[in-house]
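Please read the structure below before turning to the comments.
Any read-out appearing in this document is the output of simple, stated calculations on the displayed coordinates, not a laboratory observation. Keep in mind that this is a model prediction, so the values were computed, not measured. Glycine gets a Cβ as well: all are built from the backbone with ideal geometry, and neighbour counts include every protein chain shown.
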Amino acid sequence: MPSNAEAAELFRNIADLLDVLGERFKPEAYRRAARSIETLTEDLERVSARGELGTIPGVGEAIAEKIREYLQTGTIPYYERLKKEVPPGVVEILRLQGLGPKTARRFWVELGIEGPGELADAIAAGRLDSVKGFGPRKIELIREALAAARAAPGGAARMPIDQAYPVAERIVRALRERSRLDRVEIAGSFRRRRETVGDLDILVTSEEPEKVFDTFSALPEVAEVRLRGGTKETCILSNGLQVDLRVVEPGAFGAALQYFTGSKDHNVQLRTIARDRGLKVNEYGVFRDEERVAGRTEEDVYASLGLAWIPPELRENRGEIEAAAHGTTPLLVGESDLVGDLHVHPPESATASDIDRLLSEAQRRNYAYVGLVVGGLRGDDRAWSLAPSALARLDGLGAKGLRVFRCLETGPDGSLPSLPVRSPDYAIARPTRRSGAPGASRSDEIPVRLIAHLSGGNAESAESARRWVDFARAASAAVEVGPGPERFDSNWARVAREAKVRLAIPTGLDAGPGDPCLPIALGFARRAGAQAADVVNAGPGPTSPRRRLTSGR
DNA sequence: GCCGTTTTCGGCCCGACTGTTTTCAGTCG
């Protein structure tokens with residue numbers, strides 16, 4: 001079945017081909033449509049069936065027609081025609097680091113070079129030496145780009161945010177320790193809490209940019225300095241992640257933070273609004289003619305455009321700017337709203353003192369309750385439960401304002417084993433990739449309160465994730481959002497929100513300090529526009545999970 | 001190719017950095 005991701009890639013390919021053919025504005029139009037299609041929470045098929053393709057930002061009549069062709073036949077005649085005009089290798093050259101459409105086209109048209117292999121041969125034969133615009137340094141860069149492409153076909157992949165998070169934290173800590181910095185922020189898709197990040201954009205204010213760059217370049221994680229100027233340095237880490245470090249002056253910090261947080265489409269929309277008001281927005285501030293009218297803080301920047309400040313997680317040009325103009329930006333759930341955790345997973349071998357440690361951490365955070373997994377079915381379908389001593393430790397707990405729930409995790413088909421656990425409070429359904437739909441459960445005996453570890457990031461499981469959301473709604477259960485390849489991603493958190501299914505945010509109670517689970521899960525929920533009332537383990541108010549849980553039994 | 005209470009035609013973000021230049025083009029984000 002054709003997927004949105006495939007359609008988006010197809011339009012990106014069309015954009016590349018148009019680039020090489022020398023088109024001016026069409027490539028960006030196709031890329032914009034591709035970005036919009038990628039962030040849809042619904043299959044194109046459904047949108048098309050309603051006749052609403054034209055409502056997708058960046059999709060007009062021409063691209064809508066191509067989407068319909070693609071859905072019906074799996075191909076787009078226009079794309080097939082373009083592919084016949086351009087040798088496939090020319091597009092590969094276009095995708096080399098540091099090379100763009102102009103250069104790829106020149107190689108193709110002027111020198112008859114139709115692929116990376118021919119380009120390498122041409123360099124070896126010295127054919128580029130006499131070509132205008134190609135000095136020794138540039139030829140060397142092309143040689144390096146060819147080698148990099150051979151080493152990593154398809155280019156550097158985006159990194160899951162839970163992998164990038166600890167790296168980012170380490171770099172920021174090291175920069176703070178080793179040079180005098182006033183402010184440090186990580187911008188980009190990291191700050192917007194996308195599931196994956198392409199690079200890290202770090203902004204700092206400092207009187208001594210040179211020293212900051214020296215410090216940064218000398219960090220053990222840094223494998224290569226790609227470029228360095230007066231305000232910006234780009235490095236590649238040994239794990240392949242690219243990091244851009246920018247030094248900005250304090251009066252422009254808010255403007256730079258706004259600018260480099262993006263998203264691109266959000267910024268384009270802001271600049272359009274600015275232009276309509278006779279203003280200009282760039283990374284140095286908001287300007288009326290020569291005068292800077294805002295820039296020190298992000299709040300100033302948005303206010304100067306008549307907008308309320310917009311949380312980074314919402315900046316995807318999906319209606320958040322209109323909401324900010326009308327004062328209807330939602331008050332998103334925050335860490336301080338969390339009042340407990342429904343899904344804390346002690347290790348199978350946990351002792352009574354391990355349990356005590358978990359619970360005292362919960363008390364330190366002023367949580368009202370903790371749901372402890374005390375047994376269930378493992379991934380290999382074998383039953384497990386906590387040791388009797390640990391289970392015994394749970395009896396008689398619950399004083400001092402902390403309520404402890406005992407819960408069981410189901411197997412992939414929803415089944416629960418018989419376990420020596422007295423009156424469990426609820427079950428956590430734990431789908432896996434091989435379980436296409438919720439199976440029979442003992443929900444008549446134990447209510448299912450949570451769907452956890454739901455995978456939904458990839459196209460083939462999209463429909464199964466939707467079925468789990470439906471199941472959650474029918475069972476009055478919440479759906480857990482969190483990082484990791486087997487977890488529910490933020491697009492699916494939006495699907496749950498649209499279906500009026502509550503989210504649950506894992507708090508990392510069972511992990512050590514510095515664990516990225518909580519900030520990332522919180523970010524995913526916020527990307528879905530979740531307010532405290534939409535999150536089952538956030539309070540206060542009549543929607544408090546504690547009340548829901550106790551009244552439901 | 002898209003888009004619009006300035007426009008249904010004529011715009012389309014803009015600045016840093018690099019290399020090859022003698023004033024700028026290409027790429028990137």
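Here are a few things to note about the model shown:
- Per-peptide packing, taken as the mean over residues of other Cβ atoms within 10 Å, places A:12-20, A:54-62 in the sequence A:12-20, A:54-62 from highest down.
- Rounded if a/c under 1.5, otherwise prolate or oblate - segment A:322-381, Cα gyration tensor axes: oblate
- If the chain linking A:Asn239 and A:Glu140 were pulled fully straight, counting 0.36 nm for each residue of separation and taking away their Cα-Cα distance, it would gain 33.3 nm.
- Karplus (6.51, -1.76, 1.60) ³J(HN,Hα), θ = phi - 60°, over segment A:344-354, in Hz, Gly and Pro reported as x: 9, 10, x, x, 4, 8, 4, 9, 4, 6, 4
- Stretching the chain fully between A:Glu38 and A:Ala511 yields a gain of 167.0 nm (0.36 nm per residue, less the alpha carbon separation).
- Pairs of Lys residues in chain A are counted when their Cα atoms are under 26 angstrom apart and they lie 8 or more places apart or on different chains; the count is 20.
- Segment A:21-53 and segment A:265-295: distance between their alpha carbon centers, rounded to Å: 27 Å
- Linear extension gain, A:Ser415 paired with A:Arg296, 0.36 nm per residue minus alpha-carbon span: 37.2 nm
- The A:Thr73 and A:Ala387 beta-carbon pair, evaluated with R₀ = 60 Å, returns a calculated FRET efficiency of approximately 0.50.
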